[in-house]
Every structure is written in C-alpha cells, then in structure tokens.
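Here the structure is laid out as structure tokens; the discussion comes afterwards.
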Amino acid sequence: MINQTWKNKKKRIKNWLSDQLTSNSGEVPTKTSSPEDKAVDLRTPVLIKMRQSLPAIEEGEEVLARWMDEGWYYRGTVRQNCGDFSYYVEDSARDMERIYREDIITERDDASNVIQPKDPVIALHPDYSFSYAPGVVLDVYPDLSLLVRFYDTSESTLPREEVYKITPEKFEHDVTYILQCESRWVGQPVVSRNEHTGMYHLASVKQKIGNCHNYVLEWADISMAVLSDRHMFGAFSK
C-alpha cells in the first residue's frame, strides 16, 4: 500500500508540473528534450540467448522486473505471457509494461545461486524505497547478509532475500542504460525543494554531477543550487 501511494503521488506531481509549464512557461527555461525520448537499450547476442534460455513464468507470479523508464527494478506481478519471451508485468500502482524475460527475476531464478564477494547483483537500494539497482558484493557475513556497493557508490548491508545475482554482461548492460536515463534529466523542468526556503519551486536541470544523483538546478530567478534527485520531481522521478 505504501509503494502504491508513493507512486500515485509521483503521478500527481508530474501532472501538476505539466499544468505549471502550460500556465507559467516564462518562469522556467525551455526544455531541450522530451520526456518521451528513450535511452538506447541495445541487446547483445548474450542477452538474447539468456532471454531464450530462461524458464517460462506463470501468470500471477510475483517477480522483480526492470522498467524501461529508468532502468531500475521493481516488484510486480506477471499478468500475461506474450509468447515471445516477453510478459506484461503490473506494478503496485497498476502500471503495466511489456518486459522481456532477461529483465525479469523470479525467486526460482535465484534460489540455487551462491553469492560471493565481487559478484554483480541487483539489490534493494538504501536511498529509494522499494527500488532495486545494480551493484557489486563487497563482503558476505556469517548470517548471510551482504555488503553491497551500488553503481552510484552507495553502500548497504542487506539480507540475502533482497539481493539477486546477475551475470557480468547483464550488470554492464543495466548500468549503462541507467546512466543514460539519468543524463536525460539535463534540460528538463522539475519541481524541487529550495534548501533556503524549504518550499518547492519550478526549476530547470542544467548539469549532472559525476556518477551520483546530484544535479545543478537553475531557479526561475536564475540563481543556482546543487540538489539530489531525491528532492526533484519531474518526468523521470523514481
């Protein structure tokens, strides 16, 4: 219920942002790209082979699936087998997306995996609720919990059931796509928290800072600020 409420809240914020841009177009610099622009998601022969070799998934099965809007993984339910190694998956907010088998992780897929240090994984991110991202295992503890360093350099100790082993090829593919998606923020209008006033205002994203989630924002009065995307709401919000 919490996950569904949060996703619905983000939808309302996006709709509000769209209305603000229509009525106050002079307050924020013009967008340089469209939210509909997709990052390039090239599939290598290795990933195509993986798609064809993984076992079929039953309709109604709960899974962890990779969503194309940002490349992160979220829990959902398989609603339909399309018969071509793809499935319609529904998330907790009742959004539906057609997702190929290599981008879906089931409990059966991971049941026999033994995870060791240096293994690439998909794991629950410490800073974003209900969101799973690529990382690498740094250590495995006696209670089977794991220390994971994520692609954005965040670290977290997680129980085994929140960590899923993937192949090095899949890790490289997923990280590349996520970084492309994060770069799409640049030039976009957002609603963000002004640290000086504590209030949310319209702004424009000017630059991404390094391999993290910080961006340079320009407010309507042309002043600048550096903020995390956790305080930004727009077309690509998690």
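The values are calculated or read from the model by the stated rules, or taken from the named source; none is laboratory data. Just so it is clear, the structure is predicted and the values come from calculations on it, not from any experiment. Glycine gets a Cβ as well: all are built from the backbone with ideal geometry, and neighbour counts include every protein chain shown. Just the protein is used for accessible areas: all its heavy atoms, side chains included, with ligands, DNA and RNA removed. Shrake-Rupley method; radii C 1.70, N 1.55, O 1.52, S 1.80 Å.
Brief remarks follow.
- Evaluating 6.51 cos²θ - 1.76 cosθ + 1.60 at θ = phi - 60° for every residue in segment 190-206, the Karplus couplings come out as 9, 9, 9, 7, 7, 5, 7, 9, x, 10, 9, 9, 6, 8, 10, 7, 9 Hz, glycine and proline recorded as x.
- Phi angles of segment 208-217 translate, via the Karplus equation with coefficients 6.51, -1.76, 1.60 and θ = phi - 60°, into HN-Hα couplings of 9, 9, x, 9, 9, 10, 9, 9, 8, 10 Hz per residue; Gly and Pro are given as x.
- Alpha-carbon centroid distance for the pair segment 204-223 / segment 126-183, whole angstrom: 25
- Ranking His173, His196, His231 by solvent-accessible area of protein heavy atoms (1.4 Å probe, all protein chains present), from largest to smallest, gives His196, His231, His173.
- Percent carbon-and-sulfur accessible area, segment 131-238, ignoring ligands, DNA and RNA, probe 1.4 Å: 56
- Remark: for residue pairs Lys118/Lys170; Lys49/Lys170; Lys170/Lys206; Lys49/Lys165, the C-alpha separation exceeds 22 Å in Lys170/Lys206.
- Distance in nm between pseudo-label sites at Asn194 and Asn214 (7 Å out along the Cβ direction from Cα): 2.2
- Rounded if a/c under 1.5, otherwise prolate or oblate - segment 53-197, Cα gyration tensor axes: oblate
- On a per residue basis, segment 182-226 carries 48 Å² of accessible surface, using protein heavy atoms and a 1.4 Å probe.
- Residue-by-residue Karplus 3J(HN,Hα) for segment 46-62, coefficients 6.51, -1.76, 1.60, Hz, glycine and proline x: 5, 5, 5, 5, 4, 3, 7, 9, 6, x, 5, 10, 7, 5, x, 6, 7
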